[in-house]
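Trainee: I'd like to ask you about the structure that follows.
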Amino acid sequence: MKIILSPSWELSTDHSASSYGQPVLVKRSTGEAFGPGDILKPYPSYGFMSAADAVRRLAKTKKLDEDGQSLVVEFTTLIKK
């Protein structure tokens with residue numbers, strides 16, 4: 001399963017870095033995968049943040065179906081804030 005969060009980012013359980021169905025955040029241009037605790041700068045106008053925070057921010061602008069929402073929740077709750 002995968003959901004496109006923006007032209008640059010997707011959340012996927014189909015990526016090779018996904019283990020046991022756990023979603024990873026994937027940079028679409030490179031295929032690089034990030035876990036929820038990884039630190040990244042999703043866009044030049046954003047500051048550095050955890051991948052979980054990036055997914056929360058990107059998901060706010062998307063209309064996600066129930067499966068998409070569940071995937072976001074699963075990814076963002078894998079680590080404690």
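Trainee: Looking only at residues that are within 13 Å of the chain's Cα centre (by Cα) and without any contact (Cβ under 8 Å) to a residue 12 or more places away in the chain in segment 26-52, which one is nearest to L78 (Cα to Cα)? First the steps, then the outcome.
Mentor: As a first pass, look at segment 26-52 and keep what is within 13 Å of the chain's Cα centre (by Cα): 26-28, 31-42, 49-52.
Filter once more, keeping what is without any contact (Cβ under 8 Å) to a residue 12 or more places away in the chain: 32, 41, 49.
Numbers: E32: 19, K41: 19, M49: 15 Å.
Ranking the candidates gives M49 first.
Trainee: Between V72, V24, V55, which is at pLDDT 95 or above and in contact with a His (Cβ under 8 Å, 6 or more places away or on another chain)? Quick ask: steps written out before the conclusion?
Mentor: Details: V72 fails: in contact with a His (Cβ under 8 Å, 6 or more places away or on another chain); V55 fails: in contact with a His (Cβ under 8 Å, 6 or more places away or on another chain).
Among V72, V24, V55, only V24 is at pLDDT 95 or above and in contact with a His (Cβ under 8 Å, 6 or more places away or on another chain).
Trainee: Just give me the residues in segment 1-25 being within 8 Å of the chain's Cα centre (by Cα) and within 15 Å of E74 (Cβ to Cβ), in sequence order. Outline the logic, then answer.
Mentor: Step one: filter segment 1-25 for residues within 8 Å of the chain's Cα centre (by Cα), giving 5, 9-12, 23-25.
Hits for segment 1-25 are L5, E10, L11, S12, P23, V24, L25.
The values are calculated or read from the model by the stated rules, or taken from the named source; none is laboratory data. Because the structure is predicted, anything quoted here is derived from the model rather than measured. So basically every Cβ, Gly included, is an ideal-geometry build from the backbone, and we count neighbours across all protein chains shown.
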